[in-house]
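No lab work stands behind these numbers, since they all come straight from the coordinates. Fair warning: this is a prediction, and the values are worked out from it, not measured in the lab. Here the Cβ is made from the backbone with ideal geometry for all residues, glycine too, and neighbour counts use every protein chain on show.
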Amino acid sequence: MSNTRIAILIDGGFFLQRYKQNNSGNSPRISDMKPFIDDIVNKVDSVDPKTTTNILLRTYYYDCRPFGDIKKDPNGNDIDFSKKPQFHAATKFQNDLKSFPQLALRLGDLSFDGWKIDKNDSSKFHPDLKQKAVDMKIGLDIAWMSSKRTIDKIVLVAGDSDFIAPMKFARREGILVYLDTMNQKKIKQSLIEHADFII
């Protein structure tokens, strides 16, 4: 029986959104990560031929550093985002991930692009924050691991069609690509087309 090496790549923004939707709005804790990762490996095992043994090489978790700057809102009030509960929760979770076994944390940044009016209350405003460099880091890591053949299989936890190009590259290099959309009902056909297995 031959051994095959797996890398799991998790789009953190997608993971957090889907986790909350699948768990009654609760955010993940570090204690939830091992069961989640073990479940992915078991899913890969379930669709693979029994002539191979899957060994997890490493999990890569991609996210943005929490936004902690001070900005003036449209009413002229100073808003210190580092005092927000979301900032402290995200910081703690990312710090816990840094010491999680066989996991590499890859961080991009959030850019502040002004304010958005609340859809339900025009008197309220929300920051317009956009990810920078996260998708690029995922794509580069897929390309690097595939070209160097450090792994045999990639599990991508994501739902973004921006990853189609690196998925295609990995398959051309002979890597099996598994897609885990965390029970998302609507999956873009292009993602299905360029994955070997949906798990």
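Table for the structure above
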read-out: Kirkwood-based shape ratio for the chain, expressed as Rg/Rh from alpha carbons; value: 1.01
read-out: Loop trypsin sites (Lys or Arg not before Pro), the range 93-199, which have at most 16 other Cβ atoms in a 10 Å radius of their Cβ (DSSP); value: 119, 124, 149, 185, 186, 188
read-out: Distance between modelled label sites at residue 143 and residue 75, nm, 7 Å Cα→Cβ extension; value: 4.7 nm
read-out: Mean ellipticity per residue at 222 nm, deg cm²/dmol - from DSSP H runs of n ≥ 4 across the chain, formula -39500 (n - 2.57); value: -10500 deg cm²/dmol
read-out: Loop-located trypsin sites (Lys or Arg not before Pro) in the range 15-88 whose Cβ has at most 15 other Cβ within 10 Å (DSSP); value: 29, 50
read-out: Per-residue Cβ neighbour rank within 10 angstrom, fewest leading, 194, 126; value: 126, 194
read-out: DSSP bridge orientation in the chain - percent antiparallel, rounded to nearest 5; value: 25 percent
read-out: Two-site label geometry, residue 65 and residue 4: point separation in nm, points 7 Å out along Cα→Cβ; value: 3.8 nm
read-out: Charge tally in the Cβ shell below 9 Å around residue 176, where Lys, Arg are +1 and Asp, Glu are -1, residue 176 excluded; value: -1
read-out: Cα-based reach from residue 71 at 18 Å (exclusive), listing aspartates and glutamates while leaving out same-chain residues under 8 positions away; value: 80, 109, 113, 118, 128
read-out: Value of relative contact order over the range 2-198, rounded to a whole percent, pairs C-alpha under 8 Å and six or more apart; value: 23 percent
read-out: GNM result for the chain, Cα springs below 10 Å: residue of 183, 75, 26 fluctuating most strongly; value: 75
read-out: Pairwise label distance in nanometres, residue 38 with residue 95, each label 7 Å out on the Cα-Cβ vector; value: 2.7 nm
read-out: Spatial separation of Cα centroids for the range 101-128 and the range 148-191, in angstrom; value: 26 Å
